[in-house]
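Everything below concerns the one structure shown next.
The values are calculated or read from the model by the stated rules, or taken from the named source; none is laboratory data. Note that this is a predicted model, so its numbers are computed, not measured. For neighbour counting, all protein chains shown are included, and Cβ atoms are generated from backbone atoms with ideal geometry for every residue, glycine included. Heads up: the accessible areas ignore ligands, DNA and RNA and are worked out on the full protein's heavy atoms, side chains in. Shrake-Rupley method; radii C 1.70, N 1.55, O 1.52, S 1.80 Å.
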Amino acid sequence: MSDGSGTVVNVLITDEQKPTGRRSGNYKPSIWDFNFIQSLNNPHVGEEYVKRGAERKEQVKKLLEWNNEREPSYYFELIDDLQRLGLLYLFQTQVKLVLANLYNKIGNQTQPKDDLYTAALKFRLFRQYGFHISQGD
């Protein structure tokens, strides 16, 4: 070890300074043992719920189908809602397709109806998916 002036300083570590093993938090064991957790029943398991989940996915896919007549803000808000719900990973292909269509339709131009929220949402989603969009004039 050097003290900054070029001389070497020896440091002695006493037994009191040596690090001991991992400290214990003295936590009490959990009351949730393996057998208890395995005995819990979930009423939302079964074929009926799997079927309902698949139906909901199809409904969302239909909402994400491209329709040139819909306002762009509809798609931006829908994609944002799916992202906030943590479900966007299920619809990545459809989202990329919708954003590509939106980018081809409106590109970098601002719509007269765009409020600050919609403009910020458009900017964030296009940038997030790798589309070039300027920061503004």
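The phi torsions of segment 61-67, fed into the Karplus equation with coefficients 6.51, -1.76 and 1.60 and a -60° offset, translate into couplings of 4, 5, 5, 8, 5, 5, 9 Hz, rounded to whole numbers, with Gly and Pro shown as x.
Placing +1 on the Cβ of every Lys and Arg and -1 on the Cβ of every Asp and Glu, with no other charges, gives segment 74-133 a dipole of roughly 180 debye about its Cα centre.
State in Å² the accessible area per residue of segment 25-86; use a 1.4 Å probe, count heavy atoms of protein chains only, and round to the nearest integer.
Details: 5350 Å² over 62 residues.
I get 86 Å² per residue for this part.
Derived scalar couplings between HN and Hα for segment 70-82 equal 6, 5, x, 4, 4, 5, 4, 5, 5, 5, 5, 4, 5 Hz in order, rounded to whole Hz, by the Karplus curve 6.51 cos²θ - 1.76 cosθ + 1.60 (θ = phi - 60°), x for Gly and Pro. The label point for residue 84 and the one for residue 58, both projected 7 Å from the Cα toward the Cβ, are 2.9 nm apart. The HN-Hα couplings worked out from phi for segment 37-42 by the Karplus form 6.51 cos²θ - 1.76 cosθ + 1.60 (θ = phi - 60°) are 5, 5, 7, 5, 9, 10 Hz, whole numbers, x standing for Gly and Pro. Expressed as a whole percentage, what fraction of the accessible surface of segment 54-137 belongs to carbon and sulfur atoms when a 1.4 Å probe is rolled over the protein heavy atoms? With neighbouring chains kept in place, the figure for segment 54-137 is 51 percent. Sorted on the mean count of surrounding Cβ atoms within 10 Å across their residues, most packed first, peptides 83-96, 48-61, 114-127, 26-39 read 114-127, 83-96, 48-61, 26-39.
For segment 52-109, state the average projected area of the convex hull of the C-alpha atoms over all orientations, rounded to one decimal in nm². Spell out each step's value before the answer.
Working: hull surface 16.1 nm².
Average projection, Cα convex hull of segment 52-109: 4.0 nm².
Taking a point 7 Å from the Cα of residue 97 along the Cα-to-Cβ direction, the residues of segment 43-80 with backbone N closer than 14 Å to it are 58-68.
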